């Protein structure tokens, strides 16, 4: 009888994953999470830009409607140079009881003293080039809103 073959000193092979296999899976998962995170960040930035554009257009439309109806900017003499979009300036656009027509030009909820903030937390600033309150038609034609992050399709 041969004793060498009766004893098997090898450990039994258990079902499972090796350390190398686990590390490979962890690397693949981290690569996928990074790619997903970057695409989500880009989508979030695009959404913020789109929201800011829509809010700027809404503000410009409300200002132009108010000016065409009353012949003056809201705030009157305060509408010169750079003006922060805060409640006191926007009040005639927001609150129908603060203008003689009873029209809500801008559907927005702000508290007294509060600023209207963009998606990044900065207050919107309205720029009135010369501060004059004459020639509303010409002002409407000269009104321009630029969106620096919008890509223009080139032909």
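Restricting to the range 75-92, name every residue that is part of a helix (DSSP H, G or I) and under 22 Å from the mean Cα position of the chain (by Cα). Before the answer, list the steps.
First, the residues of the range 75-92 that are part of a helix (DSSP H, G or I): 76-78, 87-92.
Within the range 75-92, 87, 90 qualify.
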Q: Collect the residues in the range 76-109 that are within 14 Å of residue 124 (Cβ to Cβ) and touching a strand residue (DSSP E or B) at 6+ places or on another chain (Cβ under 9 Å), keeping them in residue-number order.
A: 82, 83, 84, 85, 86, 87, 89
Q. In the range 96-112, which residues are within 26 Å of residue 50 (Cα to Cα) and either at pLDDT below 85 or surrounded by fewer than 18 Cβ atoms within 10 Å (Cβ to Cβ) (or both)?
A. 104, 107, 108, 109, 110, 111
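Conditions tested, residue by residue: (1) surrounded by 11 or more Cβ atoms within 10 Å (Cβ to Cβ); (2) at pLDDT 85 or above; (3) touching a helix residue (DSSP H, G or I) at 6+ places or on another chain (Cβ under 8 Å).
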position	(1), (2), (3)
3	no, no, no
11	no, no, no
27	no, yes, no
68	yes, yes, yes
Q) If we scan the range 50-61, do we find a residue that is surrounded by 12 or more Cβ atoms within 10 Å (Cβ to Cβ) and either in contact with a helix residue (DSSP H, G or I) (Cβ under 9 Å, 6 or more places away or on another chain) or on the phi > 0 side of the Ramachandran plot (or both)? A) yes
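Scan the range 78-88 for residues that are touching a residue at least 24 places away in the same chain (Cβ under 8 Å) and either farther than 16 Å from residue 128 by Cβ or surrounded by fewer than 19 Cβ atoms within 10 Å (Cβ to Cβ) (or both) and jot them down.
Residues of the range 78-88 that are touching a residue at least 24 places away in the same chain (Cβ under 8 Å), as a first pass: 79-88.
Across the range 78-88, the qualifying residues are 79, 80, 81, 82, 84, 86, 87, 88.
The values are calculated or read from the model by the stated rules, or taken from the named source; none is laboratory data. Treat the numbers as computed from the prediction; the structure is a model and nothing was measured. So basically every Cβ, Gly included, is an ideal-geometry build from the backbone, and we count neighbours across all protein chains shown.
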